[in-house]
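**Q** One structure coming up, written as structure tokens, with questions to follow.
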Amino acid sequence: MAFIGSFLSMTVSLILPCACFLAIFGKKISMIQIFFCVMVMLIGFICLVLGTYSSISGIVASYSQPDNFLP
């Protein structure tokens, strides 16, 4: 759940809206709008990478620990 959540939530909520906005209004918007869209996409990508890394490391850690509840 954490992997899907971190990967898709950043993609859907931050990266795709800005990418679509730039694709649709690319030539008609100002440089400040382009700059802020690129910054939001960059922050979204950084959060995506960190969240995905964190969830994958948690998955690996949970599978590498021995089962404590077996007699």
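The values are calculated or read from the model by the stated rules, or taken from the named source; none is laboratory data. Model, not experiment: these values are computed from the prediction. Every residue, glycine as well, gets a Cβ built from its backbone with ideal geometry; the counts of neighbours run over all protein chains shown. Note: areas computed on protein heavy atoms with side chains; ligands, DNA, RNA excluded. Shrake-Rupley method; radii C 1.70, N 1.55, O 1.52, S 1.80 Å.
**Q** List the chymotrypsin sites (Phe, Trp or Tyr not before Pro) within the chain that DSSP assigns to loop and that have no more than 11 neighbouring Cβ atoms inside 10 Å.
**A** Hits after loop and neighbour filter: Phe69.
**Q** How much length is gained on full extension from Tyr53 to Phe25, taking 0.36 nm per residue of separation minus their Cα-Cα distance?
**A** On the way: separation 28, 0.36 × 28 = 10.08 nm, distance 3.30 nm.
Full-extension gain reported as 6.8 nm.
**Q** Output the relative contact order of the chain, whole-number percent, from Cα pairs under 8 angstrom with separation of 6+ residues.
**A** The value is 49 percent.
**Q** Helix by helix, which DSSP H runs in the chain go 27 Å or more along their axis at the Cα atoms and have an average Kyte-Doolittle hydropathy of -0.5 or more?
**A** What comes out of the filter, once short or polar helices are dropped, is 31-64.
**Q** Hey, what's the chain come to in accessible area per residue, 1.4 Å probe, Å²?
**A** Working: 5640 Å² over 71 residues.
I get 79 Å² per residue for this part.
**Q** Pop out the carbon and sulfur fraction of the accessible area of the chain as a percent, whole number, probe 1.4 Å.
**A** On the way: 4420 of 5640 Å².
Roughly 78 percent of what the probe reaches on the chain is carbon or sulfur.
**Q** Counting pairwise Cα distances across the chain, what percent come out greater than 19 angstrom? Intermediate results must be reported in sequence, preceding the final value.
**A** Working: 1229 of 2485 pairs.
Counting every Cα pair in the chain, those more than 19 Å apart make up 49 percent.
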